[in-house]
Amino acid sequence: MESLKPEIIFTHESDLDGLVAGVLLQRLARKLFDTEVRLEAWHYNAWKQRDLRESSAWVTDFTFEPRLDKRNWVVVDHHVTEVKPTQAQLIHDVNKSAGLLCYELCRDYGLGSPALDRLVQLNNVADLFLEDDPDFVLAGDYASLVKIYGFWNLHALVNGEIERLLDHPLLEVMATKRRIEDPLGYEWSRNNISELSPTVGYVDTVVGNNNQIVHQLLERQATRYPVLVTLFRRANGVIIASLRSRNGEAHKVAVRLQGGGHANACGAVLPKAVRTIPDAVQYLRQVLNPTSETPLNSMAELFGSLEGKTS
């Protein structure tokens, strides 16, 4: 990588793994080239539409795909891919988080520390959902920081020094929310699951950590659906679908929604025309049931109907 100076570094905006990996690659670039390389963080749908005009770049925590196979590009990732690099340099291991892969590169150049060792380990447990690890619950609290406060807000709070997240006071908030909100949210959500398709259920949520609630629903086999979806609306009006499963089915559904991620934990940004949660439920039912009583002639027809409804 020391011969491939990037114009820009790309990472995933939605989780702790993207934050850790992106910041670490920035540090590595600073070490190798004595310069500050701009970091951009993207959600999956916007990322897929982003024009990749740069002649050189480092990419992390995004699935390796043909459009990333470019000369002078480096991709550090752990998502499953069938694409073989012909021009890009791909550093890939499905058994390690993107953060851990980037940290291993950093340590090769003397950028390791006990604090980073600990943070990267917790991030690895959370991102790979290593349920048997003794730090699994604590790691989930760390992962929740980005989900609750946002990528760039958290980045600004610690001034890019991700080590400062260790034992951060906000973790007390995450722990309290987990202890009090999650049991209440689980019981309510367990009784509020509706069908999107024969294999996909929509889990309505009112309180608690959506990911943990859905994980418990699947683990306890409290629902007949192998794939569960939760929805939330960002401040800018964009609606995000989060998908979970236990046997790899979630990723297939996410791909149908132009999203991606891990086999059992992934997501998608819904079209801008989908502006409310009820609209999102309707949209998902139509997309996941293409042979329903009211088949769509095209995706454009669906978008148009939603635009007309919400305009």
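The values are calculated or read from the model by the stated rules, or taken from the named source; none is laboratory data. Quantities reported herein were computed from a predicted structural model and do not represent experimental measurements. Methodologically, a virtual Cβ is constructed for each residue, glycine included, from the backbone with ideal geometry; neighbour enumeration extends over all protein chains shown. The area values use the complete protein model at the heavy-atom level, side chains included, leaving out ligands, DNA and RNA. Shrake-Rupley method; radii C 1.70, N 1.55, O 1.52, S 1.80 Å.
Miscellaneous remarks
- Computed from backbone phi, the HN-Hα couplings of the range 223-239 come to 9, 8, 8, x, 10, 10, 10, 10, 10, 8, 10, 6, 4, 7, x, 6, 9 Hz, rounded to whole numbers (Karplus: 6.51 cos²θ - 1.76 cosθ + 1.60, θ = phi - 60°; Gly and Pro given as x).
- Between residue 54 and residue 252, the C-beta separation translates, for a Förster distance of 30 Å, into a calculated FRET efficiency of about 0.45.
- Compared with the dominant Cα axis of the chain, that is its longest principal axis, helix 136-149 is turned about 80°.
- Candidate aspartates and glutamates for bridging to residue 70, where Cα separation is under 15 Å - those fewer than 8 sequence places away on the same chain excluded: 7, 51, 54
- The charge dipole of the chain, taken about its Cα centre with unit charges on the Cβ atoms of Lys, Arg (+1), Asp and Glu (-1) only, comes to about 700 debye.
- Solvent-accessible area of the chain (1.4 angstrom probe, protein heavy atoms only): carbon and sulfur portion equals 50 percent.
- Nearest 10 degrees, 0 to 90: helix 170-190 Cα axis against the chain principal axis: 20 degrees
- Computed from the C-beta positions of residue 84 and residue 7, the FRET efficiency with R₀ = 25 Å rounds to 0.55.
- Computed magnitude of the charge dipole of the range 128-183 (debye, nearest 20; Cβ of K, R +1, Cβ of D, E -1): 320 debye
- MRE, 222 nm, helices only [DSSP H, n ≥ 4, -39500 (n - 2.57), over the chain, to nearest 500]: -13500 deg cm²/dmol
- For the range 85-188, the Cβ-based charge dipole about the Cα centre amounts to some 300 debye (Lys, Arg positive; Asp, Glu negative; other atoms uncharged).
- DSSP-loop GluC sites (Glu not before Pro) across the range 22-96, with at most 16 other Cβ within 10 angstrom: 36, 54, 82
- For the chain, the solvent-accessible area with a 1.4 angstrom probe is 47 square angstrom per residue.
- Backbone amide hydrogens, once placed in the peptide plane, bring residue 227 within less than 5 Å of 201, excluding anything fewer than 5 places away on its chain.
- Residues whose amide H lies under 5 Å from that of residue 260, counting only those 5 or more places away or on a different chain, are 267; hydrogens are built 1.01 Å from N in the peptide plane.
- Contact order for the chain, expressed relative to its length and based on alpha carbon pairs under 8 Å spaced 6+ residues apart, stands at 12 percent.
- Taking the C-alpha atoms only, the angle from helix 98-108 to the longest principal axis of the chain is near 0 degrees.
- Karplus (6.51, -1.76, 1.60) ³J(HN,Hα), θ = phi - 60°, over the range 264-278, in Hz, Gly and Pro reported as x: 10, 8, 8, x, 7, 8, 7, x, 4, 5, 7, 10, 10, 5, x
- Per-residue extension of 0.36 nm, minus the Cα-Cα distance of residue 285 and residue 170, leaves a gain of 37.7 nm for this segment.
- Close amide H partners of residue 195, meaning residues 5 or more places away or on another chain with modelled amide H under 5 Å apart, are 202.
- Taking every DSSP beta bridge that has both ends in the chain, the antiparallel portion is near 45%.
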